[in-house]
Amino acid sequence: MSTATGSGRLSGTTLAARAAAVLRDNDTGALVTASPKLYPHMWSWDAAFIAIGLAYLDVRRALTELGTLLAAQWSDGMLPHIVFTDADGYFPGPDRWGTDTVTRRPASVRTSGICQPPVHAIALRRIVDVARANSAVEAELAESFTARAWQALYRWHRWIARHRIAEPQGLLTIVHGWESGMDNSPRWDAPYAGVRPGPDLPPYVRLDTLGVDDPAERPSDDEYHRYLWLIEQMRRAGYEPAEVLATSDFRVGDVFSTALFAVACDDLAHLADDLSLPFRAEVADLRTWAARSRRAVADAADPVSGLAFDLDLRSGERLRTRTVAAFAPLLCSALAEPLETRLLSDLTGPDWAGHPGLAAAVPPSVSPRVNGFDPRRYWRGPQWPVVVWLFSFALRRGGHTALARRWRQEGLRLLSDGSFGEYYEPFTGEPLGSTQQSWTAAVALDWLCGW
Ligand code: 9WN
């Protein structure tokens with residue numbers, strides 16, 4: 001564990017203790033809310049990262065987190081992006097989603113009707129590794145959970161493969177910016193321009209802007225109107241996967257989610273092999289989906305820069321916006337040399353993590369040198385610890401150990417004031433959005449205790 005990091009910053013030990021306190025304070029027993037004020041529910045991809053963080057405190061509790069999410073899985077395999085608690089204060093809540101009448105949703109929980117990036121098998125594999133390093137008892141707990149949960153995770157991946165892989169390109173299709181986890185990223189500006197809210201959109205009042213110091217740190221009202229319209233369209237389509245794809249004003253092939261799907265498929269297959277689980281045909285499917293997705297990311301990459309670009313499936317337009325998601329090939333090792341080195345030097349260079357003005361040398365969500373970069377507004381410029389963690393983790397696995405360690409160090413520097421911001425102003429290091437954000441605390445724990 002690292003020691004003191006400099007003036008005004010917490011030592012590694014204190015930071016880990018504070019991160020653990022965040023997860024404990026946000027714990028309702030069955031789930032850790034994404035944050036106490038702004039997000040008092042469980043979010044799908046947050047839960048995966050949170051489970052990794054929990055593994056350093058209590059493996060059993062980490063597995064419960066994944067179990068809670070899987071208990072909300074719809075009967076067709078979809079893992080919903082929000083599992084609602086009884087708390088008020090978040091909009092859109094379950095009534096607005098209107099999923100109560102959907103019979104594919106388990107009756108015991110209220111959920112949203114879309115999904116988020118499929119990082120759960122990546123988390124489970126990580127937790128198994130942590131458990132094995134901890135003790136034989138925890139290893140046994142994690143392994144037996146894996147044997148029990150494996151098929152549910154497979155069904156989740158199969159749902160994606162069946163309903164959300166758009167051929168011939170093979171990219172994972174999203175039907176709402178929220179499904180990417182990068183809600184208002186400029187990646188989605190062009191597709192959102194084609195979303196035209198109807199006059200019959202029921203009225204609503206935003207609550208999210210009340211949970212932050214400055215509403216300018218959140219998406220705009222105009223963006224929210226489109227977000228709500230897409231929900232309305234899906235609700236009218238009964239959240240039927242084929243009907244949603246046919247009727248949604250937003251249908252985009254997402255390179256970042258595709259790369260994560262490739263890695264998650266391989267990790268789930270690896271777990272079955274590692275534990276000798278009797279799922280040979282399913283493992284073969286997973287390997288096929290992984291290879292197909294990796295190829296789709298490679299095909300989406302520019303042959304000169306290596307940057308991978310999303311595809312608007314409605315207009316056919318390649319979305320050449322320079323955001324951190326364009327480095328998706330690095331997540332799943334999709335590119336051969338010299339393109340991988342090209343991408344790495346771009347991402348570490350002055351347009352990105354090597355920009356001379358950054359408070360911590362990790363990639364922001366959008367390059368400061370791109371028109372429209374906004375250092376304070378959500379996914380349009382700030383640094384997101386969880387994204388940095390994903391790249392550091394992938395780079396370490398891919399053998400780029402020195403860079404992975406550097407980003408771990410710089411990522412910890414970003415978090416070292418101990419407030420666990422949702423995202424950070426890249427030039428000042430100011431925490432923005434929510435504080436006590438659970439997944440930020442979780443990645444801090446992994447960087448501090450697992451490397
Ligand atoms: C909408 C919970 C979630 C994250 C997303 C992040 C934000 C929600 C919101 O918060 O999205 O899903 O209301 O803004 O963009 O990645 O999972 O932390």
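The values are calculated or read from the model by the stated rules, or taken from the named source; none is laboratory data. On a predicted model such as this, the values are computed, not experimentally measured, just so you know. Neighbour counts run over all protein chains shown; Cβ positions are idealised from the backbone, glycine included. Just the protein is used for accessible areas: all its heavy atoms, side chains included, with ligands, DNA and RNA removed. Shrake-Rupley method; radii C 1.70, N 1.55, O 1.52, S 1.80 Å.
Structure notes:
- Calculated FRET efficiency, Asn134 to Asp214, Cβ-Cβ distance, R0 = 41 Å: about 0.50 to the nearest 0.05.
- Euclidean distance between Cα centres, the range 277-337 to the range 65-92, Å: 27 Å
- Ellipticity estimate at 222 nm from DSSP helix runs (n ≥ 4, -39,500 (n - 2.57)) divided over the chain, nearest 500: -14500 deg cm²/dmol
- For the range 209-333, the relative contact order works out to 25 percent when only alpha carbon pairs closer than 8 Å and six or more residues apart are counted.
- A probe of 1.4 angstrom, applied to the heavy atoms of all protein chains, finds Val109 with accessible area near 30 square angstrom.
- Size check on the range 221-295: the Cα extents along the three principal axes, sorted descending, read 49, 24, 19 Å.
- Ranked packing of 334-342, 34-42, most packed first, by mean Cβ within 10 Å: 34-42, 334-342
- Note on the range 103-144: Cα Rg divided by 2.2 N^0.38 Å, N the number of residues, gives 1.66.
- Share of pairwise Cα separations in the range 175-251, more than 14 Å, in percent: 62 percent
- Relative packing of peptides 209-217, 45-53, 404-412 - highest average C-beta neighbours within 10 Å first: 45-53, 404-412, 209-217
- The orientation-averaged projected area of the convex hull spanned by the Cα atoms of the range 174-310 comes to 11.8 nm².
- Distance between the pseudo-spin-label points of Ala107 and Glu167 (7 Å out from Cα toward the beta carbon): 3.8 nm.
- Rounded to the nearest whole angstrom, the semi-axes of the ellipsoid equivalent to the range 370-451, taken from the Cα gyration tensor as √(5λ), stand at 21, 16, 10, largest first.
- The range 284-336, relative contact order [Cα under 8 Å, separation at least 6], %: 34 percent
- Measuring nothing but alpha carbons in the range 118-254 and taking Rh as the Kirkwood radius, the Rg to Rh ratio lands at 1.09.
- Once divided by 2.2 N^0.38 Å, the Cα radius of gyration of the range 310-451 becomes 1.03.
- Long-range tail of P(r) for the range 1-132 (Cα pairs > 27 Å, %): 25 percent
- Percent RCO, i.e. relative contact order, over the chain, from Cα pairs under 8 Å lying at least 6 residues apart: 19 percent
- For the chain: rounded, prolate or oblate by the Cα gyration tensor [a/c cutoff 1.5]: rounded
- For the range 132-176, average projected area of the Cα convex hull in nm²: 4.9 nm²
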